[in-house]
Structures are given as C-alpha cells and as structure tokens.
Amino acid sequence: MNVGPPLNTAYNDNYAVLSRRGLTIYFTSDRGEPGRLQIYRAELKNGVYQKPEKLGPQINSAFNDYDAFVNVDETLLFFVSQGEGGPPFRHREDTLYGNGFLYARGDIYFSRKMNGEWAAAKHLGHGVNTVADEGYPVLTPDGKYLIFSSERSPLTLNLNHQLKMAELEKCLHGTLNGHGNVYTIPVETLELGDAK
C-alpha cells in the first residue's frame, strides 16, 4: 500500500526503515536537491505521517547519504555515504579508496543518539569498509550482528602475498568475487561506544 504524501513525492524516495513501535520512519530522498540522496525521518501522529525532516549535518554530508538503518529504540543509526566520481574526485575525508579509476563507492558510517541528538557520524573503518562498495547495513533483531553487502574481491583487499592464479580463481568463484555478497560481523568488535 502506497503511504502517499508527505513521504512519497515525485522525487526518489526509498530505503525505508521503522523504529520499534513504528512511530518513526527513516528513509532516503533526493527531494531537497534532485540527484543527491539524503536521509530523512518522519513521525507518525494520530495515524498520519508528519512532514519529513532532513537529518542534520552530523549525518547528511555534501555527498550521497542513503541506506539508513535505525535500531529498534532509535539510539543507533547506520547508513552509507558515497562520494562523487570525477575528476575531480570528492568524498568524505575518511572514505577508503584505492588506486586506479576512482568511481564513486559507498562506505558504511554510524551515529549514536546522545541526549536526544545524533552524534557526528563515524566511519566503520577496516573490517567492514574496503576500497570496494559497501552498502545495506542492518542489525540482527537481537542487535548482536551487523549484516551488510560488499563488492570486495582479492583486487580490493590488501594482500600480504603475491596472488597466484589458482587463488584468484578460487576467490572469483566464492564470496570474494566482487559481486555484492552478504557479510556479517559481531557488533561488539566494531567499537561503537555506548549510547547515553
């Protein structure tokens, strides 16, 4: 069922996720600047979604920010930020990228809600992000694991040895094939800090 306005517009509105009680919806839209995705939220009051508000600069950047996932009690937000291809190439300062043709790739960021406000987003870094494209972050219902997609391959990882053809073949027929496979990592290993 189409929820209609004010959530759905003539712009690109997608990647919706609800809080635990379904009273707040987080989603991506380019309604503020067509072609540039940003993260919005809207509250449900008396059965009607209110006018969406764009999250502040601690989340949204000068680039594309999307794939928002909020945990059930709205204290932890994961999302993807993607720079712009070039030249010139532009992206958040902490985005990982490699040599060669630098097409825009997404990295996963997170924020904690502190005293009712979202803290400045932090890059998840190595272990989750690579120079490949990462996206679609979600938490398991118990909050113990982060699940995400990654286009990582042996060509995007820092190998400490020369890659032999047999190893490359094995990778290309497995999850390290660069085709957006699904990965998981325990949240406790991510050093996210505590919500206050």
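Here, each number is a calculation from the coordinates, and none is a lab measurement. Note that the structure is a prediction, hence the values are computed from the model and not measured. Cβ coordinates were reconstructed from backbone atoms using ideal geometry, including for glycine residues, and neighbour counts include every protein chain displayed.
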Cβ-Cβ FRET estimate between LYS51 and TYR11, R0 fixed at 25 Å, reported to 0.05: 0.95
Net charge of neighbours whose Cβ lies under 9 Å from the Cβ of THR28, counting Lys and Arg as +1 and Asp and Glu as -1: -4
Amide N of the range 12-41 lying under 19 Å from the label point, which is placed 7 angstrom from the Cα of GLU84 along Cα→Cβ: 12, 29-39
Gyration tensor (alpha-carbon) shape descriptor, the chain, a/c threshold 1.5: prolate
Phi to ³J(HN,Hα) by Karplus 6.51 cos²θ - 1.76 cosθ + 1.60 over the range 104-113, Hz, x for Gly, Pro: 5, 10, x, 10, 8, 10, 9, 9, 9, 7
The chain: most fluctuating residue of GLU33, GLU43, GLU134 per GNM, C-alpha cutoff 10 Å: GLU33
Candidates GLU53, GLU117, GLU93: whichever shows maximal mean-square fluctuation once the chain is modelled as a Gaussian network with Cα springs under 10 Å: GLU93
Helix-only CD estimate at 222 nm, as mean residue ellipticity for the chain, using -39500 (n - 2.57) per DSSP H run (n ≥ 4): -1000 deg cm²/dmol
Loop trypsin sites (Lys or Arg not before Pro), the range 114-191 (other Cβ atoms within 10 Å of the site Cβ: 15 or fewer; DSSP): LYS144, LYS164
Distance-filtered residues of the range 58-77 - backbone nitrogen under 12 Å, label point 7 angstrom along ALA120 Cα→Cβ: 58-59
